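What follows draws every value from the coordinates through simple rules; no lab data is involved. What you see is a predicted model, and the numbers here were worked out from it, not measured in a lab. Every residue, glycine as well, gets a Cβ built from its backbone with ideal geometry; the counts of neighbours run over all protein chains shown.
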Amino acid sequence: MTTLARQRWRMLGEVLLSKNLDLSSEHEDISVMRFKTYGLYVRSLLSSHDQDDGTWCQIEFPSIEDNHSNILSLDIRLCSSKIDYADLMGFNNTGNTCIWPSEEVLAFYCLKEKQIFENKSVCELGGGMTCLAGLAVNLNVILKAKSNENNWLCPIESQVLIWSRQLNDPKLKERFDFIISADCFFFEDLHHDLCHTIYYMLKDSGVAINFAPHRSKTLNKFLSIAETYPFECRVFEQYDNDVFNKHLQAQQINKSYSSDLHYPILVILRKLPTKMKLSRHKFIRRILNYYRTHFNIEYPFIILIDGTFAFEALQWKIQIDEQLKAYLETDQIICSTTLCAIRETELLGGVAFGAMLILKQYEIVKCDHYPSISAEKCFQQVLIKDNTKRYFLASQSLSLREYSHDRRPDLPTMLITHNAINLERPSLNTRSIVEQTKKERLGVSKHDSNILKKIKHELNLDENEDNVTKKKKKKHGINPLSVKKKTKKKSINNNNNNTVVKKKRRRTRQIRMSSHLKEHLKELQKTFSIKEFFQEKKV
């Protein structure tokens with residue numbers, strides 16, 4: 001244990017014994033709360049409210065306009081510095097200790113971009129004890145993750161929400177245009193749950209605005225998981241000049257300030273609309289037809305499953321047999337595994353106990369490994385041992401799937417991503433083999449090409465000559481509009497009341513010719529006489 005960890009455990013013990021959250025000067029250097037605000041708002045204590053066990057204060061954000069009038073002024077309740085052991089049990093209490101810098105910056109950012117929230121359904125996740133950003137944009141709904149049931153004095157609608165991959169609430173499904181959150185990435189175990197919750201609640205093309213510091217690479221780990229979902233992820237470090245200038249000032253003046261712990265990074269997740277994505281079943285049929293036509297994969301489909309795939313299915317509560325039948329649109333499926341994969345899950349103990357029970361239900365493919373080896377090496381040898389068998393490889397191991405793409409490009413691979421089984425696209429190696437076989441089928445062999453050369457030589461046909469006959473232009477028919485008879489216009493004489501038909505004016509077409517032809521014709525007229533020409537003809 002490091003010295004910093006020892007000091008923090010000692011600080012926790014003192015707080016629990018004294019039942020007071022106020023930090024002494026000795027612990028300010030080791031606490032994350034040593035930096036509390038960027039000074040984007042003004043806070044003042046209030047005495048008009050009933051104090052009970054908390055503290056009421058007024059929050060005022062200065063206006064961005066030139067008149068400097070307050071654009072937001074609201075009363076919020078801060079939790080008491082005195083703690084009760086019962087209040088610490090059952091939910092995450094980090095949001096109830098103070099207004100964190102990420103929440104402050106999120107509220108400031110939402111006020112600047114308030115126009116994008118007009119006439120939109122917006123939700124704040126994990127608002128803590130104040131939901132400051134949610135109040136800043138005048139939201140209709142605030143959902144507190146694992147909220148404290150004692151704090152229900154806020155007039156805005158709120159709801160207890162547990163982030164989960166099994167979230168199934170029809171009222172929340174694809175309900176919101178925007179989801180905002182502040183400093184919600186520090187628990188790595190909840191990254192998958194948070195991503196699934198955001199994806200479940202957002203509408204198509206909906207946007208999630210998240211502020212969080214790097215905090216020991218927890219932000220990067222969240223992004224790596226978010227990229228597996230159908231999100232368009234964008235990260236901004238310099239998103240507002242005022243906040244960035246405050247950040248630079250804090251780095252120079254405040255020694256206890258840490259950009260890794262305190263400076264919030266803007267993460268925007270946009271849910272890709274369903275119209276932009278290919279239909280799931282059409283995509284599967286296309287890939288299956290591709291493998292069936294080029295590699296002769298026939299029914300029944302043999303699915304080779306390893307422990308990583310079974311473990312991931314257990315985490316998402318996926319029934320592999322049923323979902324594979326629905327996904328591949330056939331009942332002719334045989335799930336199989338190897339003894340080495342089962343033994344590997346047995347050696348892992350209680351962590352992989354459920355995955356072991358799943359694998360034991362399937363047929364065993366003989367691998368003849370004694371003693372047993374790792375499941376990945378066992379699968380590699382099984383795939384190469386019998387090239388005639390056409391398996392479907394189901395594994396979460398990237399190295400095993402890449403090995404299959406290189407050594408057995410004729411086999412489809414699948415994995416589990418965001419609560420569903422997904423069939424991977426054919427690899428580059430697979431496509432190159434298919435193109436090569438097409439050329440061999442449609443191309444001319446060397447023997448045939450030599451015979452063609454001999455025939456051309458005997459017929460004295462030069463290969464360089466262009467013997468392509470040009471196509472004669474077809475005679476086009478007469479334009480029907482030019483043949484159409486024109487109706488004569490009748491003009492009425494008002495004096496005699498007699499109709500006078502105007503004659504059509506005959507126009508002579510002017511023949512255009514070049515200047516040198518005109519000069520040549522003039523010279524001929526001088527030397528040539530028409531009378532002399534006819535006299536010669538009579539004679």
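What nm distance separates the two modelled labels at T330 and K438, each placed 7 Å from Cα along Cα→Cβ?
It works out to 2.3 nm between the two label points.
Please work out how much length the chain gains when fully extended from R512 to K385, using 0.36 nm per residue of separation minus the C-alpha to C-alpha distance, in nm with one decimal.
Numbers: separation 127, 0.36 × 127 = 45.72 nm, distance 8.59 nm.
Stretched fully, the R512-K385 segment lengthens by 37.1 nm.
Calculate, for R292 and N479, the FRET efficiency according to 1/(1 + (r/R0)^6) with r their C-beta to C-beta distance and R0 51 Å; round to the nearest 0.05.
Using R0 = 51 Å, I get an efficiency of 0.40.
Does region 280-433 come out rounded, prolate or oblate by the C-alpha gyration tensor, with a ≥ b ≥ c the root eigenvalues, rounded set by a/c under 1.5 and, if not, prolate when a/b is larger than b/c and oblate if not?
Judged from the Cα gyration tensor, region 280-433 comes out oblate (a/c at least 1.5, b/c at or above a/b).
With a Förster radius of 41 Å, plug the Cβ-Cβ distance of V351 and Y299 into 1/(1 + (r/R0)^6) and report the FRET value to the nearest 0.05.
0.70
Once the convex hull of the alpha carbons of region 299-354 is built, what does its volume come to per residue, in cubic angstrom?
Each residue corresponds to 68 Å³ of Cα convex hull volume.
Return the loop-located trypsin sites (Lys or Arg not before Pro) in region 180-228 (DSSP other than H, G, I, E, B) with at most 15 other Cβ atoms within 10 Å of their own Cβ; answer none if there are none.
Numbers: sites: K203, R215, K217, K221; in loops: R215, K217.
Taking region 180-228 and a limit of 15 other Cβ atoms within 10 Å, the loop trypsin sites (Lys or Arg not before Pro) found are K217.
Would you mind counting up the charge near I209? Only other residues with Cβ under 14 Å from its Cβ, with Lys and Arg at +1 and Asp and Glu at -1.
Neighbourhood net charge equals -1.
Which of I433, T308, Q323 sits closest to the plus end of the dipole of region 280-433, meaning its Cα is farthest towards the positive end, when Lys and Arg get +1 and Asp and Glu get -1 on the C-beta?
I433
Could you pull out the trypsin sites (Lys or Arg not before Pro) across region 307-372 that fall in loop regions by DSSP (anything but H, G, I, E, B) with no more than 13 other Cβ atoms inside 10 Å?
On the way: sites: K317, K325, R343, K360, K366; in loops: K317, K360, K366.
Those satisfying the criteria are K317, K360, K366.
Considering the dipole of region 154-292 built from charges on the beta carbon (Lys and Arg +1, Asp and Glu -1) around the Cα centre, which of Y291, C184, Y200 is farthest to its positive end?
Y291
If the limit is 19 Å between Cα atoms, which of K203/K271; K120/K173; K120/K203; K317/K366 go over it?
Among K203/K271; K120/K173; K120/K203; K317/K366, the Cα-Cα distance tops 19 Å for K317/K366.
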